[in-house]
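There's a structure below that I have some questions on.
The values are calculated or read from the model by the stated rules, or taken from the named source; none is laboratory data. This one's a predicted model, so the numbers in the text were calculated from it and none came from an experiment. All Cβ positions, glycine included, derive from the backbone under ideal geometry; neighbour counts span all protein chains shown.
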(Lines give C-alpha, C1' and ligand atoms only; values in the text may rest on other atoms or scores of the structure.)
Protein backbone atom coordinates (compact mmCIF):
# COMPACT_ATOMS: atom_id res chain seq x y z
CA UNK A 1 0.00 0.00 0.00
CA UNK A 2 1.15 3.54 -0.68
CA UNK A 3 0.40 7.01 0.63
CA UNK A 4 0.04 9.83 -1.90
CA UNK A 5 -1.56 13.21 -2.61
CA UNK A 6 -3.05 14.50 -5.86
CA UNK A 7 -4.09 18.13 -6.15
CA UNK A 8 -3.66 21.64 -7.44
CA UNK A 9 -2.74 24.98 -5.92
CA UNK A 10 -1.83 28.55 -6.82
CA UNK A 11 1.69 27.33 -7.65
CA UNK A 12 0.55 25.27 -10.66
CA UNK A 13 -2.82 26.68 -11.74
CA UNK A 14 -4.07 30.23 -12.43
CA UNK A 15 -7.29 31.40 -10.80
CA UNK A 16 -9.36 30.85 -13.98
CA UNK A 17 -8.57 27.13 -13.67
CA UNK A 18 -8.73 26.91 -9.87
CA UNK A 19 -12.21 28.43 -9.67
CA UNK A 20 -13.48 25.84 -12.16
CA UNK A 21 -12.06 23.20 -9.84
CA UNK A 22 -13.94 24.55 -6.84
CA UNK A 23 -16.10 21.80 -5.37
CA UNK A 24 -18.08 21.40 -2.18
CA UNK A 25 -16.33 19.11 0.33
CA UNK A 26 -19.52 17.13 0.91
CA UNK A 27 -19.61 16.40 -2.83
CA UNK A 28 -15.99 15.24 -2.74
CA UNK A 29 -16.74 12.88 0.15
CA UNK A 30 -19.80 11.60 -1.69
CA UNK A 31 -17.70 10.84 -4.77
CA UNK A 32 -14.95 9.27 -2.67
CA UNK A 33 -17.48 6.97 -1.05
CA UNK A 34 -17.58 4.63 -4.06
CA UNK A 35 -13.79 4.42 -4.23
CA UNK A 36 -13.51 3.78 -0.49
CA UNK A 37 -15.95 0.88 -0.68
CA UNK A 38 -14.20 -0.73 -3.65
CA UNK A 39 -11.42 -2.73 -1.98
CA UNK A 40 -8.07 -2.24 -3.64
CA UNK A 41 -8.76 1.27 -4.96
CA UNK A 42 -8.68 3.70 -2.01
CA UNK A 43 -8.36 2.58 1.61
CA UNK A 44 -8.13 5.98 3.29
CA UNK A 45 -8.83 9.52 2.05
CA UNK A 46 -8.94 13.11 3.32
CA UNK A 47 -9.62 16.08 1.01
CA UNK A 48 -8.13 19.50 1.79
CA UNK A 49 -9.77 22.53 0.15
CA UNK A 50 -8.82 26.18 0.62
CA UNK A 51 -9.14 29.30 -1.53
CA UNK A 52 -5.84 28.43 -3.17
CA UNK A 53 -5.73 24.64 -3.29
CA UNK A 54 -7.68 21.41 -3.67
CA UNK A 55 -5.88 18.24 -2.60
CA UNK A 56 -6.83 14.62 -1.97
CA UNK A 57 -4.62 12.66 0.45
CA UNK A 58 -5.05 8.93 0.01
CA UNK A 59 -3.75 5.49 0.96
CA UNK A 60 -4.13 2.78 -1.68
CA UNK A 61 -2.76 -0.67 -2.49
CA UNK A 62 -2.98 0.29 -6.19
CA UNK A 63 -1.77 3.91 -6.27
CA UNK A 64 -1.44 4.20 -10.05
CA UNK A 65 -4.98 2.96 -10.60
CA UNK A 66 -6.25 5.13 -7.75
CA UNK A 67 -4.55 8.23 -9.19
CA UNK A 68 -6.19 7.72 -12.58
CA UNK A 69 -9.59 7.24 -10.96
CA UNK A 70 -9.13 10.34 -8.79
CA UNK A 71 -8.22 12.47 -11.81
CA UNK A 72 -11.35 11.22 -13.59
CA UNK A 73 -13.36 11.94 -10.44
CA UNK A 74 -12.07 15.53 -10.33
CA UNK A 75 -12.74 15.96 -14.04
CA UNK A 76 -16.36 14.81 -13.64
CA UNK A 77 -16.98 16.94 -10.55
CA UNK A 78 -15.35 20.12 -11.87
CA UNK A 79 -16.13 19.95 -15.59
CA UNK A 80 -12.45 20.47 -16.43
CA UNK A 81 -11.40 17.96 -19.14
CA UNK A 82 -8.92 15.33 -17.92
CA UNK A 83 -6.22 16.39 -20.39
CA UNK A 84 -6.41 20.02 -19.23
CA UNK A 85 -6.62 18.92 -15.61
CA UNK A 86 -3.41 16.89 -15.79
CA UNK A 87 -1.43 19.98 -16.80
CA UNK A 88 -2.53 21.79 -13.64
CA UNK A 89 -2.20 19.11 -10.96
CA UNK A 90 0.60 17.36 -9.10
CA UNK A 91 0.90 13.89 -7.59
CA UNK A 92 3.33 13.23 -4.73
CA UNK A 93 4.00 9.88 -3.09
CA UNK A 94 5.37 8.47 0.17
CA UNK A 95 7.69 10.70 2.23
CA UNK A 96 7.37 13.48 -0.37
CA UNK A 97 3.60 13.60 0.21
CA UNK A 98 4.16 13.66 3.98
CA UNK A 99 6.62 16.56 3.77
CA UNK A 100 4.24 18.40 1.45
CA UNK A 101 1.38 18.29 3.96
CA UNK A 102 3.69 19.32 6.82
CA UNK A 103 4.92 22.27 4.70
CA UNK A 104 1.33 23.24 3.89
CA UNK A 105 0.35 23.21 7.58
CA UNK A 106 3.45 25.27 8.42
CA UNK A 107 2.60 27.96 5.88
CA UNK A 108 5.65 27.15 3.76
CA UNK A 109 3.60 26.30 0.66
CA UNK A 110 1.45 29.44 0.95
CA UNK A 111 1.81 32.58 -1.12
CA UNK A 112 2.46 34.43 2.13
CA UNK A 113 4.98 32.48 4.18
CA UNK A 114 3.58 31.72 7.61
CA UNK A 115 -0.02 32.40 6.52
CA UNK A 116 -2.13 32.16 9.67
CA UNK A 117 -5.35 30.75 8.18
CA UNK A 118 -3.93 27.60 6.59
CA UNK A 119 -3.36 25.78 9.90
CA UNK A 120 -7.04 26.20 10.75
CA UNK A 121 -8.02 24.92 7.30
CA UNK A 122 -5.84 21.80 7.76
CA UNK A 123 -7.47 21.30 11.17
CA UNK A 124 -10.94 21.54 9.59
CA UNK A 125 -9.96 18.92 7.01
CA UNK A 126 -8.55 16.58 9.67
CA UNK A 127 -11.63 16.91 11.89
CA UNK A 128 -14.34 17.16 9.22
CA UNK A 129 -17.32 15.01 10.34
CA UNK A 130 -17.23 12.97 7.12
CA UNK A 131 -13.51 12.25 7.55
CA UNK A 132 -14.35 10.02 10.51
CA UNK A 133 -15.35 7.27 8.09
CA UNK A 134 -12.93 8.04 5.25
CA UNK A 135 -9.65 8.20 7.14
CA UNK A 136 -7.75 5.41 8.87
CA UNK A 137 -4.79 5.27 11.25
CA UNK A 138 -2.22 6.31 8.63
CA UNK A 139 -3.89 9.56 7.55
CA UNK A 140 -5.22 10.31 11.04
CA UNK A 141 -1.70 10.21 12.48
CA UNK A 142 -0.29 12.11 9.49
CA UNK A 143 -2.75 15.02 9.79
CA UNK A 144 -2.39 15.23 13.58
CA UNK A 145 1.39 15.40 13.18
CA UNK A 146 0.97 18.02 10.44
CA UNK A 147 -1.01 20.18 12.88
CA UNK A 148 1.64 19.70 15.56
CA UNK A 149 4.33 20.62 13.03
CA UNK A 150 2.51 23.80 12.02
CA UNK A 151 2.23 24.86 15.67
CA UNK A 152 5.88 24.04 16.30
CA UNK A 153 7.02 26.14 13.32
CA UNK A 154 4.97 29.11 14.50
CA UNK A 155 6.22 28.74 18.08
CA UNK A 156 9.91 28.27 17.34
CA UNK A 157 10.32 30.67 14.39
CA UNK A 158 9.13 34.17 13.46
CA UNK A 159 7.83 33.06 10.08
CA UNK A 160 4.27 33.95 11.09
CA UNK A 161 5.12 37.38 12.45
CA UNK A 162 3.47 40.36 10.77
CA UNK A 163 0.86 40.21 8.03
CA UNK A 164 0.67 36.48 7.61
CA UNK A 165 -2.67 36.09 5.85
CA UNK A 166 -3.96 36.73 2.36
CA UNK A 167 -6.55 39.09 3.83
CA UNK A 168 -4.00 41.33 5.54
CA UNK A 169 -1.67 41.24 2.54
CA UNK A 170 -4.50 42.18 0.18
CA UNK A 171 -5.65 45.01 2.46
CA UNK A 172 -2.15 46.50 2.48
CA UNK A 173 -2.15 46.30 -1.30
CA UNK A 174 -5.49 48.16 -1.55
CA UNK A 175 -4.46 50.74 1.07
CA UNK A 176 -1.61 51.81 -1.18
CA UNK A 177 -4.21 52.52 -3.89
CA UNK A 178 -6.46 54.65 -1.65
CA UNK A 179 -5.83 58.08 -0.20
CA UNK A 180 -7.40 57.43 3.21
CA UNK A 181 -9.45 54.65 4.77
CA UNK A 182 -10.79 57.07 7.38
CA UNK A 183 -12.92 58.83 4.75
CA UNK A 184 -13.89 55.66 2.89
CA UNK A 185 -16.86 53.31 2.93
CA UNK A 186 -16.07 49.58 2.78
CA UNK A 187 -18.64 46.98 1.80
CA UNK A 188 -17.68 43.43 2.83
CA UNK A 189 -19.79 40.77 1.12
CA UNK A 190 -19.79 37.64 3.24
CA UNK A 191 -19.70 37.02 6.99
CA UNK A 192 -17.74 33.76 6.91
CA UNK A 193 -14.16 33.27 8.05
CA UNK A 194 -12.54 35.40 5.32
CA UNK A 195 -15.21 38.11 5.41
CA UNK A 196 -15.02 38.33 9.21
CA UNK A 197 -11.23 38.57 9.13
CA UNK A 198 -11.36 41.29 6.49
CA UNK A 199 -13.98 43.24 8.45
CA UNK A 200 -11.87 43.15 11.59
CA UNK A 201 -8.77 44.23 9.68
CA UNK A 202 -10.65 47.12 8.07
CA UNK A 203 -11.92 48.32 11.43
CA UNK A 204 -8.44 48.01 12.93
CA UNK A 205 -7.06 50.03 9.98
CA UNK A 206 -9.49 52.86 10.70
CA UNK A 207 -12.11 52.46 7.99
CA UNK A 208 -14.66 55.31 8.12
CA UNK A 209 -17.81 53.28 7.41
CA UNK A 210 -18.12 49.50 7.45
CA UNK A 211 -21.03 47.60 5.89
CA UNK A 212 -21.41 43.81 6.08
CA UNK A 213 -23.67 42.19 3.47
CA UNK A 214 -24.63 38.55 3.84
CA UNK A 215 -27.28 36.10 2.65
CA UNK A 216 -28.42 35.75 6.27
CA UNK A 217 -28.76 39.24 7.66
CA UNK A 218 -28.71 38.00 11.26
CA UNK A 219 -25.23 36.56 10.75
CA UNK A 220 -24.13 39.89 9.28
CA UNK A 221 -25.48 41.68 12.38
CA UNK A 222 -23.56 39.36 14.70
CA UNK A 223 -20.33 40.31 12.91
CA UNK A 224 -21.08 44.00 12.35
CA UNK A 225 -22.34 44.80 15.87
CA UNK A 226 -19.06 44.53 17.84
CA UNK A 227 -17.22 46.32 15.00
CA UNK A 228 -19.57 49.27 14.88
CA UNK A 229 -20.65 48.35 11.37
CA UNK A 230 -23.94 48.09 9.50
CA UNK A 231 -25.58 44.82 8.49
CA UNK A 232 -27.61 44.30 5.32
CA UNK A 233 -28.87 41.51 3.09
CA UNK A 234 -27.47 40.76 -0.36
CA UNK A 235 -30.61 42.21 -1.95
CA UNK A 236 -29.28 45.71 -1.19
CA UNK A 237 -26.07 45.30 -3.19
CA UNK A 238 -27.15 47.44 -6.20
CA UNK A 239 -27.86 50.52 -4.07
CA UNK A 240 -24.77 50.06 -1.88
CA UNK A 241 -22.52 50.06 -4.95
CA UNK A 242 -23.34 53.76 -5.29
CA UNK A 243 -21.92 54.42 -1.80
CA UNK A 244 -18.91 52.11 -1.45
CA UNK A 245 -15.28 53.03 -2.11
CA UNK A 246 -14.06 49.49 -1.48
CA UNK A 247 -16.01 46.28 -2.07
CA UNK A 248 -14.63 42.99 -0.73
CA UNK A 249 -15.97 39.67 -2.06
CA UNK A 250 -15.76 36.71 0.33
CA UNK A 251 -18.79 34.58 -0.51
CA UNK A 252 -18.95 31.06 -1.95
CA UNK A 253 -21.24 31.51 -4.93
CA UNK A 254 -21.71 29.88 -8.32
CA UNK A 255 -22.43 33.21 -10.08
CA UNK A 256 -20.88 36.67 -10.01
CA UNK A 257 -22.42 38.88 -7.33
CA UNK A 258 -21.43 42.09 -9.10
CA UNK A 259 -21.44 42.33 -12.89
CA UNK A 260 -20.42 45.08 -15.28
CA UNK A 261 -24.10 45.63 -16.19
CA UNK A 262 -24.96 46.05 -12.50
CA UNK A 263 -22.28 48.72 -12.15
CA UNK A 264 -23.54 50.53 -15.26
CA UNK A 265 -27.06 50.48 -13.81
CA UNK A 266 -25.72 51.96 -10.58
CA UNK A 267 -24.31 54.85 -12.66
CA UNK A 268 -21.44 54.95 -10.23
CA UNK A 269 -18.07 54.42 -11.96
CA UNK A 270 -16.08 57.59 -12.56
CA UNK A 271 -12.46 58.60 -12.53
CA UNK A 272 -13.33 61.35 -10.01
CA UNK A 273 -14.62 58.85 -7.44
CA UNK A 274 -13.06 55.47 -8.20
CA UNK A 275 -14.23 52.21 -6.66
CA UNK A 276 -11.97 49.27 -5.78
CA UNK A 277 -13.09 45.66 -5.82
CA UNK A 278 -11.09 43.11 -3.85
CA UNK A 279 -12.10 39.55 -4.77
CA UNK A 280 -10.98 37.05 -2.13
CA UNK A 281 -13.57 34.43 -3.10
CA UNK A 282 -13.08 31.15 -4.86
CA UNK A 283 -14.84 30.98 -7.31
CA UNK A 284 -14.66 34.72 -7.96
CA UNK A 285 -17.49 37.02 -6.83
CA UNK A 286 -16.86 39.83 -9.33
CA UNK A 287 -17.15 40.01 -13.10
CA UNK A 288 -13.62 40.09 -14.65
CA UNK A 289 -14.98 42.70 -17.10
CA UNK A 290 -15.43 45.31 -14.32
CA UNK A 291 -12.04 47.01 -14.98
CA UNK A 292 -13.29 47.93 -18.46
CA UNK A 293 -15.51 50.55 -16.79
CA UNK A 294 -14.05 53.98 -15.97
CA UNK A 295 -12.93 54.43 -12.38
CA UNK A 296 -13.08 50.73 -11.50
CA UNK A 297 -10.09 48.80 -10.16
CA UNK A 298 -10.33 45.04 -9.60
CA UNK A 299 -7.93 42.94 -7.55
CA UNK A 300 -8.34 39.16 -7.33
CA UNK A 301 -6.31 36.43 -5.66
CA UNK A 302 -3.82 36.28 -8.52
CA UNK A 303 -3.11 40.00 -8.10
CA UNK A 304 -2.55 39.41 -4.39
CA UNK A 305 -0.21 36.52 -5.14
CA UNK A 306 1.84 38.74 -7.46
CA UNK A 307 2.04 41.65 -5.04
CA UNK A 308 3.05 39.62 -1.98
CA UNK A 309 5.88 37.83 -3.78
CA UNK A 310 8.27 40.61 -2.77
CA UNK A 311 7.21 40.28 0.87
CA UNK A 312 8.64 36.76 1.01
CA UNK A 313 12.12 38.20 1.53
CA UNK A 314 11.10 39.66 4.88
CA UNK A 315 10.48 36.17 6.27
CA UNK A 316 13.04 34.31 4.15
CA UNK A 317 15.53 34.17 7.01
CA UNK A 318 13.05 32.06 8.99
CA UNK A 319 12.47 29.52 6.22
CA UNK A 320 15.57 27.31 6.74
CA UNK A 321 14.69 26.69 10.41
CA UNK A 322 11.05 26.07 9.50
CA UNK A 323 12.07 23.62 6.76
CA UNK A 324 14.37 21.85 9.26
CA UNK A 325 11.42 21.41 11.65
CA UNK A 326 9.33 19.99 8.82
CA UNK A 327 12.08 17.48 7.95
CA UNK A 328 12.48 16.45 11.60
CA UNK A 329 8.74 15.92 12.06
CA UNK A 330 8.41 14.07 8.76
CA UNK A 331 11.21 11.72 9.82
CA UNK A 332 9.44 11.07 13.13
CA UNK A 333 6.28 10.19 11.21
CA UNK A 334 8.30 7.97 8.88
CA UNK A 335 9.74 6.08 11.85
CA UNK A 336 6.25 5.61 13.26
CA UNK A 337 5.05 4.27 9.91
CA UNK A 338 7.98 1.84 9.70
CA UNK A 339 7.55 0.67 13.30
CA UNK A 340 3.86 0.13 12.61
CA UNK A 341 4.92 -2.11 9.74
CA UNK A 342 6.84 -4.32 12.21
CA UNK A 343 3.71 -4.72 14.33
CA UNK A 344 1.45 -5.41 11.35
CA UNK A 345 3.86 -7.97 9.84
CA UNK A 346 4.04 -9.72 13.21
CA UNK A 347 0.25 -9.76 13.56
CA UNK A 348 -0.17 -11.08 10.01
CA UNK A 349 2.35 -13.89 10.61
CA UNK A 350 0.66 -14.90 13.87
CA UNK A 351 -2.78 -14.89 12.21
CA UNK A 352 -1.48 -17.06 9.37
CA UNK A 353 0.23 -19.66 11.59
CA UNK A 354 -2.66 -19.94 14.07
CA UNK A 355 -5.12 -20.22 11.17
CA UNK A 356 -3.07 -23.09 9.67
CA UNK A 357 -2.91 -24.82 13.05
CA UNK A 358 -6.67 -24.51 13.48
CA UNK A 359 -7.29 -25.89 9.97
CA UNK A 360 -5.02 -28.90 10.57
CA UNK A 361 -6.63 -29.63 13.93
CA UNK A 362 -10.06 -29.66 12.29
CA UNK A 363 -8.81 -31.91 9.50
CA UNK A 364 -7.29 -34.52 11.83
CA UNK A 365 -10.25 -34.29 14.20
CA UNK A 366 -12.77 -35.49 11.67
CA UNK A 367 -14.63 -38.60 12.87
CA UNK A 368 -13.42 -38.18 16.48
CA UNK A 369 -15.35 -37.30 19.60
CA UNK A 370 -15.85 -33.66 20.62
CA UNK A 371 -13.46 -34.20 23.56
CA UNK A 372 -10.75 -35.53 21.24
CA UNK A 373 -11.34 -32.67 18.77
CA UNK A 374 -10.90 -30.12 21.54
CA UNK A 375 -7.69 -31.78 22.69
CA UNK A 376 -6.36 -31.62 19.11
CA UNK A 377 -7.26 -27.92 18.89
CA UNK A 378 -5.44 -27.21 22.16
CA UNK A 379 -2.37 -29.20 21.04
CA UNK A 380 -2.26 -27.47 17.62
CA UNK A 381 -2.62 -24.04 19.23
CA UNK A 382 0.07 -24.81 21.79
CA UNK A 383 2.51 -26.06 19.13
CA UNK A 384 1.82 -23.01 16.93
CA UNK A 385 2.47 -20.60 19.79
CA UNK A 386 5.66 -22.44 20.74
CA UNK A 387 6.92 -22.30 17.15
CA UNK A 388 5.92 -18.63 16.93
CA UNK A 389 7.83 -17.58 20.02
CA UNK A 390 11.24 -17.05 18.41
CA UNK A 391 9.90 -15.42 15.21
CA UNK A 392 7.74 -13.16 17.41
CA UNK A 393 10.76 -12.00 19.42
CA UNK A 394 12.82 -11.45 16.26
CA UNK A 395 10.12 -9.51 14.40
CA UNK A 396 9.21 -7.43 17.46
CA UNK A 397 12.83 -6.40 17.93
CA UNK A 398 13.53 -5.85 14.22
CA UNK A 399 14.69 -2.31 13.46
CA UNK A 400 12.87 -1.20 10.29
CA UNK A 401 15.59 1.37 9.64
CA UNK A 402 18.44 -1.15 9.57
CA UNK A 403 19.20 -3.34 6.52
CA UNK A 404 18.84 -6.48 8.67
CA UNK A 405 15.50 -5.36 10.08
CA UNK A 406 14.11 -4.42 6.67
CA UNK A 407 15.25 -7.75 5.24
CA UNK A 408 13.56 -9.66 8.06
CA UNK A 409 10.28 -7.73 7.70
CA UNK A 410 10.26 -8.28 3.94
CA UNK A 411 11.18 -11.97 4.23
CA UNK A 412 8.72 -12.93 6.98
CA UNK A 413 5.55 -12.70 4.86
CA UNK A 414 7.21 -14.83 2.16
CA UNK A 415 8.48 -17.47 4.61
CA UNK A 416 5.12 -17.80 6.35
CA UNK A 417 2.95 -17.51 3.23
CA UNK A 418 1.41 -14.15 4.13
CA UNK A 419 0.07 -11.85 1.41
CA UNK A 420 2.13 -8.57 1.77
CA UNK A 421 -1.10 -6.57 1.33
CA UNK A 422 -2.45 -8.20 4.50
CA UNK A 423 0.01 -6.17 6.54
CA UNK A 424 -2.42 -3.33 5.84
CA UNK A 425 -0.16 -0.26 5.78
CA UNK A 426 1.73 1.81 3.20
CA UNK A 427 5.21 0.77 2.20
CA UNK A 428 7.90 3.16 3.46
CA UNK A 429 10.14 4.47 0.69
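Based on what the data block shows, is residue 402 at pLDDT 85 or above and out of contact with any helix residue (DSSP H, G or I) (no Cβ under 6 Å at 6 or more places or on another chain)?
For residue 402, the condition - at pLDDT 85 or above and out of contact with any helix residue (DSSP H, G or I) (no Cβ under 6 Å at 6 or more places or on another chain) - is not met.
Sticking with this one: Checking residue 234 against (1) surrounded by 19 or more Cβ atoms within 10 Å (Cβ to Cβ); (2) assigned by TED's automatic domain parsing to the domain that holds residue 306: exactly one of these is not met. Which one?
(1)
If you check residue 45 against the conditions, is it closer than 21 Å to residue 142 by Cβ and at pLDDT 75 or above?
Considered against the rule, which asks whether it is closer than 21 Å to residue 142 by Cβ and at pLDDT 75 or above, residue 45 comes out as yes.
Select from region 216-229 the residues that are within 20 Å of residue 285 (Cα to Cα) and out of contact with any strand residue (DSSP E or B) (no Cβ under 7 Å at 6 or more places or on another chain) and write down the one among them that is surrounded by the fewest Cβ atoms within 10 Å (Cβ to Cβ).
Looking at residues that are within 20 Å of residue 285 (Cα to Cα) and out of contact with any strand residue (DSSP E or B) (no Cβ under 7 Å at 6 or more places or on another chain), I get 216.
Please determine whether any residue of region 89-101 is over 30 Å from residue 157 (Cα atoms) and at pLDDT 85 or above. Don't jump to the end; show me each part of the working.
First, the residues of region 89-101 that are over 30 Å from residue 157 (Cα atoms): 89.
This time we only want the ones that are at pLDDT 85 or above, so: 89.
For region 89-101, residues over 30 Å from residue 157 (Cα atoms) and at pLDDT 85 or above: present.
Can you name the residue in region 236-260 that is over 27 Å from residue 182 (Cβ atoms) and modelled with pLDDT under 90 and, of all such residues, is farthest from the chain's Cα centre (by Cα)?
Within region 236-260, the subset over 27 Å from residue 182 (Cβ atoms) is 252-256, 259-260.
Add one more test, that the residue is modelled with pLDDT under 90, and what stays is 252-255.
Values: 252: 18, 253: 21, 254: 22, 255: 25 Å.
Going through the qualifying residues, I end up with 255.
A follow-up question, please. I'm trying to understand the selection: among the residues of region 118-135, which are part of a loop (DSSP other than H, G, I, E, B) and buried (at least 16 other Cβ atoms within 10 Å of the Cβ)?
Matches in region 118-135: 128, 130, 135.
Hey, another quick one. Quick check, is residue 30 over 22 Å from residue 105 (Cβ atoms), at pLDDT 80 or above, surrounded by 22 or more Cβ atoms within 10 Å (Cβ to Cβ) and assigned by TED's automatic domain parsing to the domain that holds residue 135? Steps first, please.
On the way: over 22 Å from residue 105 (Cβ atoms): yes; at pLDDT 80 or above: yes; surrounded by 22 or more Cβ atoms within 10 Å (Cβ to Cβ): no; assigned by TED's automatic domain parsing to the domain that holds residue 135: yes.
So residue 30 fails the test.
Taking region 186-206 on its own, how many of its residues are part of a loop (DSSP other than H, G, I, E, B) and either within 26 Å of the chain's Cα centre (by Cα) or at pLDDT 95 or above (or both)? Steps first, answer last, please.
At the first step, the residues of region 186-206 found to be part of a loop (DSSP other than H, G, I, E, B) are 190-192, 205-206.
Narrowing further to those that are either within 26 Å of the chain's Cα centre (by Cα) or at pLDDT 95 or above (or both): 190-192.
Number satisfying all stated conditions: 3.
Go through region 8-18 and give me each residue that's touching a helix residue (DSSP H, G or I) at 6+ places or on another chain (Cβ under 9 Å) and crowded, with 17+ Cβ neighbours inside 10 Å.
Across region 8-18, the qualifying residues are 8, 9, 10, 15, 17, 18.
Something else now. Any chance you could count how many residues in region 184-206 are free of Cβ contacts under 8 Å to residues at least 60 places away in the same chain, crowded, with 24+ Cβ neighbours inside 10 Å and more than 12 Å from residue 167 (Cβ to Cβ)?
So the answer is 1.
So that you can scan it fast, the table gives a plain yes or no per residue for (1) touching a residue at least 12 places away in the same chain (Cβ under 8 Å); (2) part of a helix (DSSP H, G or I); (3) under 30 Å from residue 277 (Cβ atoms); (4) in the same structural domain as residue 49 (by TED's automatic domain parsing):
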position: 88; (1), (2), (3), (4): yes, no, yes, yes
position: 103; (1), (2), (3), (4): yes, yes, no, yes
position: 148; (1), (2), (3), (4): yes, yes, no, yes
position: 178; (1), (2), (3), (4): yes, no, yes, no
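Restricting the search to region 60-70, which residues are within 13 Å of residue 91 (Cα to Cα) and in contact with a strand residue (DSSP E or B) (Cβ under 7 Å, 6 or more places away or on another chain)?
Selection gives 63, 66, 67, 70.
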